[in-house]
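The values are calculated or read from the model by the stated rules, or taken from the named source; none is laboratory data. None of these values were measured; they are calculated from a predicted model. Neighbour counts are summed over all protein chains in view; Cβ atoms, including those assigned to glycine, are modelled from backbone coordinates with ideal geometry.
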Amino acid sequence: MLLTRDSENLTMLADYSILLIGAILVNNFVLVQFLGLCPFMGVSNKLEAAMGMSMATTFVLTLAAACSNLTYQFLLVPLGLGYLKTIAFILVIAVVVQFTEMVMRKTSPLLHRVLGVYLPLITTNCAVLGVALLNISKDHTFLESLFYGFGAGAGFSLVLVLFAAMRERLTVADVPAPFKGAAVGMITAGLMSLAFMGFAGLV
Amino acid sequence: MALMRLTSPHAHGPMSTQRVMQSVLLATIPGVIVLTHFFGFGTLINILWGSIVALACEALALKLRRRPLSFYLKDYSAVVTAVLLCIALPPYAPWWLIAVGIASSILLAKHLYGGLGYNPFNPAMVGYVILLISFPIQMTAWAPPRGLGELPGFMEALQACFTPAAYDGVTMATPMDLLKQNNSLLINDLWYQYPQFGRWSGRGWEWANIAFLAGGIWLLYQRIFTWHAPVAMLVTLGLLAAIFYDGGSSASGGSPLFHLLGGATMFGAFFIVTDPVSSAVSLRGRLIFGALIGVLIYTIRVKGNYPDSVAFAVLIMNFAAPFIDYYTQPRTYGHRNKRAGE
């Protein structure tokens, strides 16, 4: 009895780690699924800003994935309003972000100073809506949605932070005038996306 | 404006770029000879044609940017990129494949970022990955090694390169491909059934790896690069292969010797990972850089879709190199240790 429960736990653990690796590396939201490109290009000029942004995004992605899953399961499906999911999720995400910001300001001024500026920006990040909708189309359970949201955030953070460190170096490179700035950033992101294709088949 | 985060004292390099590049070229010679012995003239023709295209691309880029032509053409850096890419390409590759690869290496990966010394990615590996993803059929057509098939003569090899439509070559799965596709045979049976496996890691491949290792050790002796990145990569790769090797079941990932002497391991360790521009700068950073490349190579070889993964692993870690440098910068002379970025 105990043994079977242990092995069940193990397979569950393996399932979740596959979900995580899939979301972080194999189907990375930025470099493979091309979601959330605006903050990827916009907030990657400085490493410190990128770190704040990535922490805030991971936080919101996990929370929003969970909340949108609950909304879908307990509100939209019982009422037969599944076709309204896009609009409903936009609303949920906006509320979650706003609510987080308010709670953070009251309870932890330090955290608010670090993440606060980025929170309103994240509302418009398409990766957040993308995770919520993908969770539904992949029939994820509540826990799976939570893990998938966290994995998406971790993958976004990884790529954003590495990219920011690289862009700091690119600012001192002797890049030809027409390619300076965002252009060479885009090309770098494209080359990175090529390299990430090496992860295909990992899970 | 962001400044380079590396502080003095800077050691003065006694060698010019030209000398360094010449040494790298010389060190590839044993490997190229072994490859030519086992796979015929294909690699040599790749290198000759590739170098011509590389010099032309370099001249074009310099002309467009109004830089002095002869100064930069004489530093051999374009030729080194071409030779490294052409060694990695399958022998008897068509001319256009080589030209596309070299053009993406030199123009896209090197001059678009500002030329020699600024490229964040290894140019040869950018060319290789672009080709592998765009032309998978041509890129996986390896000729059979000597003893397992007829080797084409020099004229036939020329024909294979420049009139590929008229050339009817023979190809054979490489040991890395066979191990990847195998799902029912024990390792011993696999070695018994396919003569490509040779003694340790593939007929021809094992000797090519040993030759590149010899070239690499000579470069190390010449102090062209430090030992940190290649040794960290080889040790990690060997350790991982030893830990996960289960003695030869059908699901086994191959023995440590197979991984260390198979595919592009030694070539990657001493000629690609050691690229001074696109790798991490600090010595501690280089250890981390090399070790993570080893981890990625093993993971993708065993679990991923691609049979060999040196190019992917190097590009992914090139991407991470500035971040690694940021956190491993050495103590400033005369100051105490401080956290990075403060």
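Brief remarks follow.
- Filter result (under 27 Å from A:Phe34 (Cβ atoms), surrounded by fewer than 20 Cβ atoms within 10 Å (Cβ to Cβ) and of a type in the set (Gly, Ala, Ser)) within the range A:112-138: A:Gly130, A:Ser137
- Residue match in the range B:72-85 (condition: farther than 25 Å from B:Thr265 by Cβ, part of a helix (DSSP H, G or I) and among the acidic types (Asp, Glu)): no
- Which listed residue is closer than 11 Å to B:Met266 by Cβ and surrounded by fewer than 23 Cβ atoms within 10 Å (Cβ to Cβ), from B:Ala232, B:Ala242, B:Ala211: B:Ala211
- Taking the listed residues B:Pro90, B:Pro68, the one that is modelled with pLDDT under 95, over 22 Å from B:Ala264 (Cβ atoms) and either surrounded by fewer than 21 Cβ atoms within 10 Å (Cβ to Cβ) or in the same structural domain as B:Ala143 (by TED's automatic domain parsing) (or both) is B:Pro68, with no other qualifying.
- Residue match in the range A:45-58 (condition: among the charged types (D, E, K, R), in contact (Cβ under 8 Å) with a residue 12 or more places away in the chain and within 14 Å of chain B (Cβ to nearest Cβ)): yes
- Residue within the range B:265-276 that is more than 23 Å from B:Ala208 (Cβ to Cβ) and either within 11 Å of chain A (Cβ to nearest Cβ) or among the small types (Gly, Ala, Ser) (or both) present: no
- Scanning the range B:97-133 for residues that are more than 10 Å from chain A (Cβ to nearest Cβ), touching a Pro at 6+ places or on another chain (Cβ under 8 Å) and of a type outside the set (Ser, Thr, Tyr) returns B:Ile106, B:Lys110.
- Among residues of the range B:94-135, those that are part of a helix (DSSP H, G or I) and surrounded by fewer than 19 Cβ atoms within 10 Å (Cβ to Cβ), counted: 8
- Unmet requirement for B:Ala242, which otherwise passes all of (1) part of a helix (DSSP H, G or I); (2) farther than 25 Å from A:Asp174 by Cβ; (3) within 12 Å of chain A (Cβ to nearest Cβ): (3)
- In the set A:Ala165, A:Ala182, only one residue is touching a Phe, Trp or Tyr at 6+ places or on another chain (Cβ under 7 Å) and closer than 28 Å to B:Tyr327 by Cα; that residue is A:Ala165.
Each row is one residue, and each column tells you yes or no for (1) farther than 30 Å from B:Asp308 by Cα; (2) surrounded by 15 or more Cβ atoms within 10 Å (Cβ to Cβ).
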| site | (1), (2) |
| --- | --- |
| A:Gln98 | yes, no |
| A:Lys106 | yes, no |
| A:Leu110 | yes, no |
| A:His140 | yes, yes |
| A:Phe150 | yes, yes |
| A:Ser157 | no, yes |
| A:Ala164 | no, yes |
| A:Met186 | no, no |
| A:Met197 | no, yes |
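- Among the residues listed as B:Ile224, B:Ile187, the single one being touching a Ser or Thr at 6+ places or on another chain (Cβ under 7 Å), β-branched (Val, Ile, Thr) and surrounded by fewer than 21 Cβ atoms within 10 Å (Cβ to Cβ): B:Ile224
- Residues satisfying the stated conditions in the range B:152-198, i.e. among the aromatic types (Phe, Trp, Tyr) and either closer than 17 Å to B:Ala251 by Cβ or in contact (Cβ under 8 Å) with a residue 60 or more places away in the chain (or both): B:Phe154, B:Phe162, B:Tyr167, B:Trp191
- With respect to the conditions (1) in contact with a helix residue (DSSP H, G or I) (Cβ under 8 Å, 6 or more places away or on another chain); (2) closer than 29 Å to B:Ala321 by Cα, B:Pro136 lacks only one, and its number is (1).
- Consider the range A:179-203 and keep the residues that are part of a loop (DSSP other than H, G, I, E, B) and not charged (D, E, K, R). The one that is nearest to B:Gly127 (Cα to Cα) is A:Ala200.
- 3 or more residues touching a residue at least 12 places away in the same chain (Cβ under 8 Å), out of contact with any Ser or Thr (no Cβ under 8 Å at 6 or more places or on another chain) and within 14 Å of another protein chain (Cβ to nearest Cβ): qualifying helices (runs of 4 or more DSSP H) within the range A:77-178: A:142-170
- Of all residues in the range A:179-196 being touching a residue at least 12 places away in the same chain (Cβ under 8 Å) and of a type in the set (A, V, I, L, M, F, W, C), the one that is farthest from the other protein chains (Cβ to nearest Cβ): A:Ala182
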